[in-house]
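Below: the structure, in structure tokens.
The values are calculated or read from the model by the stated rules, or taken from the named source; none is laboratory data. Everything numeric here is computed off the predicted structure, so don't read it as measured data. Every residue, glycine among them, receives a Cβ derived from its backbone with ideal geometry; neighbour counts consider all protein chains shown.
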Amino acid sequence: MSTETLTDAHAEPRRGPLLWTVLIVGGLIFATVIVSRIATDYLWFRSIDFQTVFTTQLAARIGLLVVFGLVLFGVVFFSQLIAYKLRPKVRRANLDSEFLVQLRDALDRRSKMLMAVPAGILGILGGLTAAGMTPVFLAWWHRTPFGKTDPYFGLDASFYVFTLPWLQFVTGFVLFSLIVGGIAAAAVHFMTGALNTAAFRGRGNSPAMVGAQRHLSIMLGLVLLVIAVNTLLERYALSVTPSTLFTGIGFTDANTRMPVAVIMASIAVITALASFFNAWRLRWSVPGASIALLIVSGLLLSMAYPWIIQTFQVDPSPQDKERRYISNNIEATRYAFGVEGVEIEDYEATTSASAGQLRQDAAALPAIRLIDPTVVPPTFEQLQQVRGYYSFPRTLDVDRYVIDGKPTDSVVAVRELNLESIEGGDTWNNRRTVYTHGYGMVAAYGNQREANGEPVFFSGGIPTMGELDTHEPRIYFGERTDYYVVVGAPEGSDPVELDTPSGGEGRSESLYTYTGSGGVPIGNWFTKAAFAIRFGDINLMLSDRVNEESRILHDRIPVQRVHEAAPWLTLDSDPFPSMVDGRIVWIIDGYTTTDSFPNSQRLDWTQAISDSHTSADRLLLGQQVSYVRNSVKAVVDAYDGTVTLYEWDEEDPLLQTWSKAFPGAVTPKEEISPELLAHLRYPQDLFKAQREILGRYHTTNPGTWYQQSDVWQVPNDPIRGSESRQKQPPYFLTIRWPGDDTPVYSNTTVFVPKDRENLSVYLAVNADATSDDYGRMRVLKLSDAEQIAGPGQTFNFISTNPVVAERLLPFNRQGASATAIHGNLLTLPLGGGLLYVQPIYTQAVTTGSYPALRFIVVRFGEHIGIGDTLQAALDQVFQGDAGAETGEGGAGGVPPVVDPTQPTEPTEPGESPEPGGSPATEGAARARQLLDEAQDLYEGADAALKEGNLGEFQAKTKSAEEKVAEAIRALDEG
């Protein structure tokens, strides 16, 4: 035997086992990855007590995959099998190509395998497609009526929201299955010789040819029947289909497309009957003519006829023809976006300023938020960062706390880790076991500043100190925690987690061991292996720091956790931290949305919520919404990651539907604690969507809506520049509504007329969740008789005003040692008109500098004022206390609204007490002297800042603050 023969004899048996080995090993690896993912997901859901969400979704996905996969497999496979059973008993000789002969031979040898493999592949793909429809199926299965019927079909809105999408998927899937099954059957008939051109010319009369034609006729008839059903469903889908004018049914839809859909469905049924007839009496001319009629009818009735009606009947007088349909669209849209109850009142805003004008608004003035959360993050960084590995977000949050018995608007943030700046290198131990958590809530008064322009912090430092109650300060779950960590250790073990930079002995770093219940225990070999496979990290198996008491914390970003726990929610883009019941928690507003509410206008959610403060979330790109409710208030504990979904809108049918789909996932509204309720607010993104809708849907007049003669437009944010085209964001402010007695915490925004810049509308919604009027939306519609400047015009007026320019000249000229930064331009209804307030910060052009609040600019009508304090600016505009009926001073006879930390003005010369007087007068004299010294120090600090001498600026400022504190003690002692 030759060497070549021996080699072949040895090599040939090896190929088979090697191939099978590779396939088996590959299958095992794939199965292991899938099992590890499912297992770790289940453990994660169990750790937050949301395993019902996981198991329900998993069961539904598997069920849909199996059922629809078997349907597609069955239709394709049995259609081929029937075709093969109908094959000719005797092959024709010398009439077919060699390739066709080989195909027939292969089919005869392995008929079932050759038919089952492609059918199985298609079945798997079809099953996976159906599994992706799990949310649609669950919503349909647990559907809840809305109690709102559409005006054209008289069906409850739930049919369009829940039932129609599911029926459209099912009919589409069945149609696809029948078409693929028919094509597969035709291919088998062709390969077996039962189907050829002679059969369709009427020359084929063999049993096989007859059987093939009958088989295909029945498949064609079934396809046409499903097309008829789908055509009827498309008739209903007109209620949720966008047109050039609005979303929903219009004149052309109601008068052409709706009746045409019934006609086309009838023709499709007739064509299907003709196909079934062809299965009895083979006359292809009958179904052929029917199909031709269906195609021609579709072109004429579905395309040409609506175009003719639209062009020659609607377009010449659209306002009259569409009036009824516009009215229905307006009604549905206002209900779907929750703006049907908006209160619009005319407002004759005054533009003249006089003394005593702000007397009635005195209670609202101290609540004006001067600290801009988009400007002061560098200030928080410099004053509260403590170490380089801590950081704050680029935009801070606004919250409210009760300080000294009064609700106080606050600017807040939590101190999180920045792994890019960790000390000791970015090693596995550092990233996964040492730098595990941030530390502390930092909060500043929204309406106060230090004498040097810094925020007045009422919570900060490490350890956290201030006005907030004792609470757990550690942040294991935050907006920057996009990596997993391993925490926990046996009792008595040395801690390894960095806790505070200087809390240990000799002011060294203090260490900590996590004691919470968050995360998944990974003390056993199975969970270690499962997570090691999931994250592709063998260190979880090898590291000594992964012990029997270890827990793995992953998916730690609060929004991510809520999205996993409640995938049916659309989440607000502005989660904010708050201290509630001794814990730092993240509060996230959750919305139930749909794009299928009948006749309601579809809104691009991403575009609606995008403004100069909020960039569009790429995960929401293009999401369409025609109905929205703030149905859930979600809370994520920053220490243990607990997710709680509190029911908020109890009447929402979507929330009720998902509550039935996932029992126990939503906590009743009654369980919201009073302390948590005090921090809940009207959500930002919902308000942005509503203001976008109100821009055109504030009117209920179809004529006004169509003519667009009264369109409200959100102005661009002037602070960002005219070229940015970014919308001005809404602002949380405490305002006193004209005619009301007390100020209310509100979410506010303004509008300008379309393509204009003057102010036309002021909109506010009660944002205080503890108020009985929570959610009350009110509008001040300004008169057209006297124009009020809009934000863009006001910013231009401020920038070009000589008085303002003179004060800002040292910071705006070329080569200045410090620059001016304009803060948010706030608008408030005060003094019978509208008051603009803008803080202006200054920042030295040196390393380590940060913005400090230096000036306040106020505009009322054509009057403008700029001062070191809000009081000074108001005094310039409203003539101080001249003509006031009270002797309290301040703007127009109201108590002064100076910053609480500003030094008290010294008494005038000649008013000082005589030496040897009472202790009180001696204390006052001493205080006056100290305040004079403090004033000199402040002036010196300002001069140092202008020269860029940051060290001297800080030293003089500190000395001045000490003088002020000593003056206060002197007064107390007196």
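Worth pointing out:
- Options ARG776, ARG725: the member that is surrounded by fewer than 21 Cβ atoms within 10 Å (Cβ to Cβ), at negative phi and under 29 Å from the mean Cα position of the chain (by Cα): ARG776
- Candidate set: the range 556-585, residues that are in contact with a Gly (Cβ under 8 Å, 6 or more places away or on another chain) and aliphatic (A, V, I, L, M); chosen: the one surrounded by the most Cβ atoms within 10 Å (Cβ to Cβ): VAL562
- Scanning the range 764-799 for residues that are closer than 30 Å to LYS669 by Cβ and assigned to a strand (DSSP E or B) yields ALA764, VAL765, ASN766, ASP768, MET777, ARG778, VAL779.
- Among residues of the range 446-467 that are in a loop (DSSP other than H, G, I, E, B), those with a Cβ under 6 angstrom from a residue that is at pLDDT below 90, sequence gap 6+ or separate chain, pair up as GLU450/THR901; ALA451/THR901; ASN452/THR957; ILE462/VAL386; ILE462/THR500; GLU467/ILE403.
- The set of residues in the range 369-404 being basic (Lys, Arg) and more than 26 Å from the chain's Cα centre (by Cα) consists of ARG387 alone.
- Exclusive hit being at pLDDT 85 or above and surrounded by fewer than 19 Cβ atoms within 10 Å (Cβ to Cβ), set ILE344, ILE422: ILE344
- Residue in the range 846-883 that is modelled with the highest pLDDT, counting only those that are among the hydroxyl-bearing types (Ser, Thr, Tyr) and touching an Asp or Glu at 6+ places or on another chain (Cβ under 9 Å): TYR850
- The set of residues in the range 484-536 that are in a loop (DSSP other than H, G, I, E, B) and among the hydrophobic types (A, V, I, L, M, F, W, C) comprises ALA489, VAL496, ILE522.
- The range 825-845, subset assigned to a loop (DSSP other than H, G, I, E, B) and either touching a Cys at 6+ places or on another chain (Cβ under 6 Å) or modelled with pLDDT under 90 (or both), residue farthest from ALA349 (Cα to Cα): VAL845
- Number of residues in the range 468-483 that are in a loop (DSSP other than H, G, I, E, B) and surrounded by fewer than 22 Cβ atoms within 10 Å (Cβ to Cβ): the value is 8.
- Tally of residues being touching a helix residue (DSSP H, G or I) at 6+ places or on another chain (Cβ under 7 Å) and either free of Cβ contacts under 8 Å to residues at least 12 places away in the same chain or within 20 Å of ASP685 (Cα to Cα) (or both) across the range 715-750: 9
- Test: residue in the range 325-336 that is surrounded by fewer than 18 Cβ atoms within 10 Å (Cβ to Cβ), in contact with a strand residue (DSSP E or B) (Cβ under 9 Å, 6 or more places away or on another chain) and either aliphatic (A, V, I, L, M) or part of a loop (DSSP other than H, G, I, E, B) (or both): no
- Taken over the range 461-507, residues that are among the polar types (S, T, N, Q) and at pLDDT 85 or above amount to 4.
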